[in-house]
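First up is the structure itself, then whatever we jot down about it.
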Amino acid sequence: MVSMSLHALFVSPKSQRPLRCVVAKVSNEASTKSKLARSMARAVNSTPWSDEVESSLSSLHSSEPISRTTVLQTLRLIKNPADGLRFFDWVSNKKGFSHKEHSFFLMLEFLGRARNLNVARNFLFSIEKRSSGCVKLEDRYFNSLIRSYGNAGLFQESVKLFETMKKMGVSPSVVTFNCLLSILLKRGKTGMAHDVFDEMRRTYGVTPDAFTFNILIRGFCKNSMVDEAFRVFKEMETYKCSPDVVTYNTIIDGLCRAGKVKIAHNVLNGMMKKTTDVHPNIVSYTTLLRGYCMKQDIDEALVVFHEMLSSRGLKPNAVTFNTLIKGLSEAQRYDEIKEILNGGDSFTTFAPDACTFNILIKAHCDAGHLDAAMKVFQEMENMKLQPDSASYSVLIRTLCVRNEFDRAKTLFDELFDKEVLLGKDGCKPLAAAYNPMFEYLCANGKTKQAEKVFRQLMKRGAQDPPSYRTLITGHCREGKFKAAYELLVLMLRREFVPDLETYELLIGGLLKIGEAVLAYDTLQRMLRSSYLPVATTFLSVLAELVKGKFANESFSIVSLMLEKQIRQNIDLSTDAVRLLFSNSQKEKAFLIVRLLYDNGYLVKMEELLEFLCENRKLVDAHKLVLFCLEKSQMVDIGTCNTVIEGLCKDKRHSEAFSLYNELVELGNHQQLSCHVVLKNALEAAGKLEELEFVSKRMATLRKSDDCNGLEQGILS
């Protein structure tokens, strides 16, 4: 009543109606925009993008310009990121519409979540151009893509983007550093994380927040650096950051994983003695309980469980119960497990979930009771509980160990068909668990099927280097070397290094199917992985590159071989130089020739000179003859005649005379038959000094011939 009276003092009866009308109008407008967004998204999602789709979109909002709210709503409803980007660009071209910061960020997030990372990167660097300079690159755009790279397991790309961001003058924020620290620590790059944390404070003056410290503490604990985690924990006070329950739980977890369960218990007790608002929660106790279970101290685990109930009044959740069941199963205390499952005493609130069944399946498998494990698996389905990746992986692995591959394959096919690995529920799949199945399929000509499941695992961020090797070897065994190469590239992008045998197998296979460029690329990746191929591998790749007429790659590999001091083959070296000349890359050809000679190797000069003369590359031939003379290598006098006469014919008088002059200085001109041709060419070109020089040499040669003739006459 009082509120009504107060309201009456400020709102007259006349003004109330228009207010209701305004609210109704705003509500109607919002509803209309939402309806339009759904219609536009439906048009985009229904068929591949085309002119017809654009016409449909135009017809939907023909009456008035499209609003930014509608665009944002539509982008959220579009399923395919490529179509989302086309819609984004289509809207950009509409009169009266321009994208603002929010829509650019939303589009970037869309591309990143869908793992269209190359497109996302290009989009990021086109934001300013797309917005005609109205939207400036800020840290949040970079944060989004850094995070997306990290989620895809491409930590190196995250680091590169971070460096690019700084070079472009965009200052990283605390969110940027938190993203990067989390990514680095998840990949075990603790040293790099230290450097980034120092750079954060000292170079950029960014103050760490509670999230920063929790990330560092969790990361160091996960990487078995509990002492370092404690040091960071104590450093929080310096930045006036109070540890929260997440911080404490992380420390407790790290200690338990390091086997220091008693110390973890002391931390929990100390947490309760503090006068702050931070108190142990169900996660704290569950973590400690798991620590005791890991040490097979089940009695102490049960003490913690009952302490949690009686002293703290906390209600255990499914994770707590499953942790206890796992500990009991590993200790083979099955009667107590039955008590929990039957809901006795303290366990009346527990309802088994998929994780519970997975624990029981694993316990039966470990004990060799496969039939019992299969019954538990079947019971899951009877209870309408969807088996997850853990359910399948344990059974598949056990069946493979028992050589029951047909049964294992049935489950494996079901796993793929139901897209169990792509499910968001349950724990993250363990790729290594499927490796025995991958090995079986790859050994039986079914590598493609194995790769399909492996790629589902990759989409969930699951990684396993041995599985990469298994699949690459399988593809090579089946002659699908390009598919093997693609997997090798993926493996390297995720910072896993193939072994020497994998590289050699793949290079040999790629050469076998004529993929010389890919073979050379693989060889370069092999070198970057700190392996040095044998000389025959280099020469085999060079031979196929020359055969395929890949001039640039041939030049590159010869240079690389010289750099790595790999022995050369004179025939292949000659062929590589000839290829460069034939592709009009004479600078590279001459460089290779000089490098070969400087390193003590030769090429077949007469063959190269003959090739150049036949193809009227006389200037190149002239330069090559001069190089031979410089290196004191004999050149056939007939070849010199051919080069000089050819140069004269092409009116390259200076080059012709310089070669002639060089031969004169070396005393090798007497046998030349090109004097008359050279003299006539110089005379026609008006080169009088050169003409006089050649004429004198010709006169000298005639006198010498006359003297020789007279001497022969006297002798006869």
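What follows draws every value from the coordinates through simple rules; no lab data is involved. A quick note: this is a predicted structure, and the numbers were derived from the prediction, not measured. Cβ sites come from the backbone with ideal geometry, for glycine too, and all protein chains shown count toward neighbours.
List of remarks:
- When each of PHE611, PHE233, PHE177 is scored by the number of other beta-carbon atoms lying within 10 Å, the sequence from fewest to most is PHE611, PHE233, PHE177.
- When LYS586, LYS428 are sorted by how many other C-beta atoms sit within 10 angstrom of their C-beta, beginning with the fewest, the order is LYS428, LYS586.
- Alpha-carbon centroids, segment 272-310 and segment 565-617: separation in whole Å: 76 Å
- When the listed pairs LYS222/LYS409; LYS384/LYS448; LYS262/LYS362 are checked against a 30 Å cut-off, the alpha-carbon distance exceeds it for LYS222/LYS409; LYS384/LYS448.
- Residues SER132, SER67, SER554, SER573, sorted so that the one with the fewest Cβ neighbours within 10 Å comes first: SER132, SER67, SER573, SER554
- Added length on full extension, which subtracts the Cα-Cα distance from 0.36 nm per residue, ARG38 to GLN296: 87.3 nm
- Both radii were evaluated on the Cα set of the chain; the Rg over Rh quotient, with Rh as the Kirkwood radius, amounts to 1.16.
- Between the beta carbons of ASN269 and GLU486, assuming R0 = 56 Å, the FRET efficiency works out to 0.55 to the nearest 0.05.
- Relative contact order %, the chain, counting alpha carbon pairs below 8 Å whose residues are six or more apart: 4 percent
- Counting only lysines at least 8 places from LYS604 when in the same chain, those with an alpha carbon closer than 16 Å to its own are LYS623, LYS631.
- Stokes-Einstein diffusion for segment 220-311 at 37 °C, viscosity 0.692 mPa s, with a Kirkwood radius from C-alpha pairs, works out to 244 µm²/s.
- Measuring r between the beta carbons of VAL401 and VAL319 and using R0 = 25 Å, the FRET efficiency lands at 0.30.
- In terms of overall dimensions, the C-alpha atoms belonging to segment 148-304 reach 58, 33, 22 Å along their principal axes, ordered largest to smallest.
- The GLU683 and LEU532 beta-carbon pair, evaluated with R₀ = 56 Å, returns a calculated FRET efficiency of approximately 0.40.
- Maximal additional length on extending the ASP366-ASP413 stretch stands at 14.6 nm, based on 0.36 nm per residue less the C-alpha distance.
- Against the chain, whose longest principal axis is taken from its Cα atoms, helix 535-547 shows a tilt of about 70°.
- Distance violations [Cα-Cα > 18 Å] among LYS79/LYS136; LYS512/LYS547; LYS418/LYS459: LYS79/LYS136
- Helix 261-273 axis versus longest C-alpha principal axis of the chain: approximately 60°, rounded to the nearest ten.
- Expected 222 nm ellipticity per residue - DSSP helices of 4 or more, -39500 (n - 2.57), all of the chain, to 500: -22500 deg cm²/dmol
- Peptides 299-307, 509-517 ordered by average Cβ neighbours within 10 Å, highest first: 509-517, 299-307
- Contact order relative to length of segment 130-190, as percent, for alpha carbon pairs under 8 angstrom and 6 or more apart: 38 percent
- Only Cα pairs under 8 Å and 6+ residues apart enter the sum, and on that basis the relative contact order of segment 225-360 stands at 17 percent.
- A simple spin-label model places the labels of LYS631 and ALA699 3.9 nm from each other, with each point 7 Å out along Cα-to-Cβ.
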